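The values are calculated or read from the model by the stated rules, or taken from the named source; none is laboratory data. This is a predicted model, so every value here is computed, not measured. Here the Cβ positions follow ideal geometry from the backbone for every residue, glycine too, while neighbour counts run over all protein chains shown.
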Amino acid sequence: MGVLKDIELYLTSADRLNDDGVPSASIALLEDPFGPIQSHVITNGYEDPNTLYQACSISKAITALAVAKLIDQGRLSYETKVVDYVDEAVLEGILDPRTAHLMELVTVELLVSHRSGLSQHGFAGHTDEEEMPTYQQVFAGRPPANSPRMKFLSFPGSQCRYSGGGFTLLQLLLEKVTNTPFPDLMRTVVLEPLGMTRSLFGDLAPGEENYAKPHTTAYMPSPRGHHRFTELAAAGLWTTPTDLLKAMAAIQHSLHSTDTSPTTFLSRQLADHMLARVTPNDPDTAMSYGWSVDDTFFAHAGYNDPGYSSYLLGAHGYAAPLPLGGLLKSPGRMSLAIMTNSALGTETYQRLVAAVMCLKAFPLYPSLPDFGRKMSSLIPYPGPEGVFMGDLYKAFLGHWTDSAHLPSSPNKRATPGASPAAASSYAMDAEWEIFSDNGIPYIAFDGVVKPQRLIGGAMPWAPATGAPHEICLVLEGLEMAVRLLYREDGERVVELVQEEVTVLKRVRGGEDGVEGG
């Protein structure tokens, strides 16, 4: 099991996941596209590596892979226009007389890169008891569709704006171009060729029992079960983390193919194009053709009502060499997939991603594509005794405050040794004290009699840029962390990570290496 089993043994258990509202997390890791796929499931239930989960919006990324393959086969072009294949009667709900002319401009390229200008971020889906809407009903926002009418929000090509509605129109266009129902198209073009035997778009096969039931919390299954989708390209893939990594490996092989390489799933030209940023001059826009990308990774996240959350991440292998000699390991062409069956699964997969990257000694990246947060705002899992910490924290002993953001403490007193009697006698700017007791770090907050122990957090510690190391310490028993780091000018700074991240500056004390308390 390797690193994935270590995560459950040393960092988080099924009980911890349940406490966080997540009944199961299925994980797969591929350290190199030529190697074996590792898989593991953290659960107190029945789930195993072959258990199906809804991939949610990761469906869009696999659909984008099919688009690239069809173009490689000469059956489609990124310039293919919607109006050349889809009847106007089907599009009637979208075609407001004031903007109908814009549909003439909508192509496969604009749909798959979220630049069509069309509305509808996502779709809620329908229960087994509900009637499924047609394309016309989805586009027009008419029952039994449960989403608003689709419309143009902007000129096609003028901006990148996430659109599940655009992917639904893409789904219909692919059916018209190939004269094939979308589930069959995806099966023959992507799933079967890549050996994704535990994957399908659409409804589960009759008699399929090995699928993860959606939950609103770990102990509360959705009373109406999973949802079904007309909008399959946007949200309708059932799969496993292992199968998703088969797709990632195919992309990575294609990206690095040469004239002498064995035949790959895509030509290198199409693979490069699929992961090219659609706004390369805008560093804040990380969208490509169906994926989110940056200088090191390509990825996609997903969430489906009433309870699935997933994340898929791969390294494309084009990143710059790493500094720090052998201290860091390059992600190379790794890939990672995490799937949960909970509405509360996002923070769990974020912590699991950080844990995997920590255990593999990958660098600390400030952000990851489509991750949903900066790494600096993540509260990681606490590590085992004495791990992920060392003695770097001793340079940060002392009293810290930020009067601009922290409220005056109602319980102000010296920390941690003054008597509670002094607590309400005066109010000053709230302070935190980081101190060490017999080599164990603690943090105390004004007016709280007992300090909290600090435990090394399971997340990367050395930036890929070669900037000074930083350390993340989790407050035992609380959803809080502190990040200890150096500014470029050498100033020491503490970042307090709660619901928001607050920068603290030292106000007194803290002679380096001197224990207190």
In this structure, does V86 turn out to be in a helix (DSSP H, G or I), hydrophobic (A, V, I, L, M, F, W, C) and in the same structural domain as L191 (by TED's automatic domain parsing)? no
Just name the residue that is farthest from Q38 (Cα to Cα) out of those in the range 8-21 that are assigned to a loop (DSSP other than H, G, I, E, B) and either free of Cβ contacts under 8 Å to residues at least 60 places away in the same chain or in contact with a Lys or Arg (Cβ under 9 Å, 6 or more places away or on another chain) (or both). D20
Scope the range 180-226; condition of a type in the set (A, V, I, L, M, F, W, C) and within 20 Å of A64 (Cα to Cα); matching residues: F182, L185, M186, V189, V190, L191, L194, M196, L200, F201
Across the range 82-124, what is the total count of residues that are under 27 Å from A276 (Cα atoms) and out of contact with any helix residue (DSSP H, G or I) (no Cβ under 7 Å at 6 or more places or on another chain)? 8
Going residue by residue through the range 291-313, is there one that turns out to be of a type in the set (A, V, I, L, M), surrounded by fewer than 23 Cβ atoms within 10 Å (Cβ to Cβ), at negative phi and in contact with a Phe, Trp or Tyr (Cβ under 6 Å, 6 or more places away or on another chain)? no
Within the range 286-296, residues being of a type outside the set (G, A, S), closer than 28 Å to W238 by Cα and modelled with pLDDT under 95 number 3
Of everything in the range 165-181, what is farther than 15 Å from S77 by Cα and under 26 Å from the mean Cα position of the chain (by Cα)? Give them in sequence order. G165, G166, F167, T168, L169
Please work out if Y318 is modelled with pLDDT of 95 or more, in a loop (DSSP other than H, G, I, E, B) and in contact with a Leu (Cβ under 9 Å, 6 or more places away or on another chain). no
